[in-house]
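The values are calculated or read from the model by the stated rules, or taken from the named source; none is laboratory data. Since the model is a prediction, treat every value here as computed from it, not as a measurement. Please note: Cβ atoms are built from the backbone with ideal geometry, for glycine as well, and neighbour counts cover all protein chains shown.
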Amino acid sequence: MALLALVCVSGAQAKSKKKEAPSNKPVFTVVKQLPITSVKNQNRSGTCWIYSTLSFFESEILKKTGKSYDLCEMYVANIDYMQRAEVKVRMHGDSQFSQGGSAGDVQVILRDYGICPEQAMPLPGTMTGDSLANFNEFFSVMEPYVEAVASNKASKISNQWKSGLQGIIDSYLGQRPERFTYEGKEYTPKSFAQSLGIDMNDYVSITSYTHHPFYTDFAVEVQDNWRWERSYNVPMDEMMRIIDNALDQGYTVAWGGDVSEEGFTRDGLGVLLDAKKAQSLTGSDQAKWLKLKPEERKSKLEELGVNAPELTPSQEQRQKEFDNWELTDDHGMHIYGLAKDQNGKEYYMVKNSWGETGEYKGTWYMTKAFVAAKTMDFLINKNAIPADIRQKLGI
């Protein structure tokens, strides 16, 4: 995008001209952009998995019915944290209890418990006098409570701990409504979910690892997949073909993966950075590069922009990084489009849940190489999967 230059004056004449954008600054051209609802802000809460998955379902509803909804994240959190605590207690503490979760959690709750619109519960943060969700105090109260019950040395415990925990959850998130009115009609959460025009049985999870056979399903072994929801396993190239086919056919993707790498910036880019080549291009050898402060490395990477060198993703590297804990499930986002930069490189357009932040007001542009390498799994409408892959999966 060209920037307006200052007017230059020479003698009696003044001329204005447009200054060309730096060759390294991304200039994106949209190839495909599907409808999404507004960008939300999870603020100080580990609920990206709820925000991204509900955003995905909101787009599914838009596609199916043409109606726009704002579904309630705290309704999902209220149910999920109680159920997760129950598992930890049932396992005598040998299960993680944390803020994180997965797209599968949201799918299960919508299917079994329904959903409500945002306005049917207190808005995030309002129970504690904040304008957005802040789980710092909430979890500092809840975690030791759950741990105390789960690690209790008694031979038998009562069920009273559940009433106490539900009180804590309701105090911070608000009570779930049994009935509510929306656009002049009364609903229960289950009847409201049924009115949205989507079928939870249409959605499947996709992943790609070699420690399980391809074209089978398995529970991805990460702590936030505490329900052991299963994902269909396909080769990496077919995983990427599913995403591309989905966008081409008008379907979005609820994506979960790793954004802890240097190539994922806070300004809206995700590239599979080749650090060694980047060091060379910025005039830094490895020793010098490692001595740079994080903000200094970030500055040098921003200078490279679209010229930042990328690694070539591979099935083998995906597996290696999953096994050695480099490839983690630390963030959920919503893929809704495809764009190209001025060099012709393709990027997925991805809706984040950090508010309208970054260079692109809440959208991140992640290269195909980054997504291929850093995907943990994703939720998708099974009708978005190419027919030949569906046949191999038996769905």
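Values as computed for the structure displayed
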quantity	calculated
Among the residues listed as GLU321, GLU296, the single one being outside any loop (DSSP other than H, G, I, E, B), not assigned by TED's automatic domain parsing to the domain that holds TYR203 and not small (Gly, Ala, Ser)	GLU296
Pairs with Cβ under 9 Å, 6+ apart, first in the stretch 142-164 and in the same structural domain as ARG90 (by TED's automatic domain parsing), second of a type in the set (A, V, I, L, M, F, W, C) and assigned to a loop (DSSP other than H, G, I, E, B)	MET142/PHE97; MET142/PHE135; GLU143/PHE97; VAL146/PHE97; GLU147/PHE97; VAL149/ILE157; ALA150/MET91; ALA150/PHE97
Matching entry among SER23, SER10, SER55 (being of a type in the set (S, T, N, Q), modelled with pLDDT under 55 and out of contact with any Gly (no Cβ under 7 Å at 6 or more places or on another chain))	SER10
Selection status of GLU221, in a loop (DSSP other than H, G, I, E, B), out of contact with any Ser or Thr (no Cβ under 8 Å at 6 or more places or on another chain) and surrounded by 17 or more Cβ atoms within 10 Å (Cβ to Cβ)	no
Check on SER68, in the same structural domain as TYR182 (by TED's automatic domain parsing) and either at pLDDT below 95 or among the hydroxyl-bearing types (Ser, Thr, Tyr) (or both)	yes
Elements of type helices (runs of 4 or more DSSP H) contained in the stretch 53-169, each with 1 or more residues being closer than 22 Å to LYS40 by Cα and more than 21 Å from the chain's Cα centre (by Cα)	136-150
Considering residues of the stretch 234-256 that are part of a loop (DSSP other than H, G, I, E, B) and in contact with a strand residue (DSSP E or B) (Cβ under 6 Å, 6 or more places away or on another chain) only, the residue surrounded by the most Cβ atoms within 10 Å (Cβ to Cβ)	THR252
Members of the stretch 342-365 that are touching a helix residue (DSSP H, G or I) at 6+ places or on another chain (Cβ under 9 Å) and within 23 Å of SER45 (Cα to Cα)	VAL350, LYS351, ASN352, SER353, TRP354
Among (1) more than 25 Å from SER98 (Cβ to Cβ); (2) in contact with a strand residue (DSSP E or B) (Cβ under 8 Å, 6 or more places away or on another chain); (3) of a type in the set (Ser, Thr, Tyr), the one test that TYR360 misses	(2)
Any hit, the stretch 348-363, residues being assigned by TED's automatic domain parsing to the domain that holds GLY257 and in contact with a Leu (Cβ under 7 Å, 6 or more places away or on another chain)	yes
Which listed residue, of SER260, SER231, is part of a strand (DSSP E or B), in contact (Cβ under 8 Å) with a residue 40 or more places away in the chain and farther than 29 Å from MET121 by Cα	SER231
Index of the failed condition, ALA148 passing every other in (1) of a type in the set (A, V, I, L, M); (2) surrounded by 15 or more Cβ atoms within 10 Å (Cβ to Cβ); (3) over 19 Å from TRP226 (Cβ atoms)	(2)
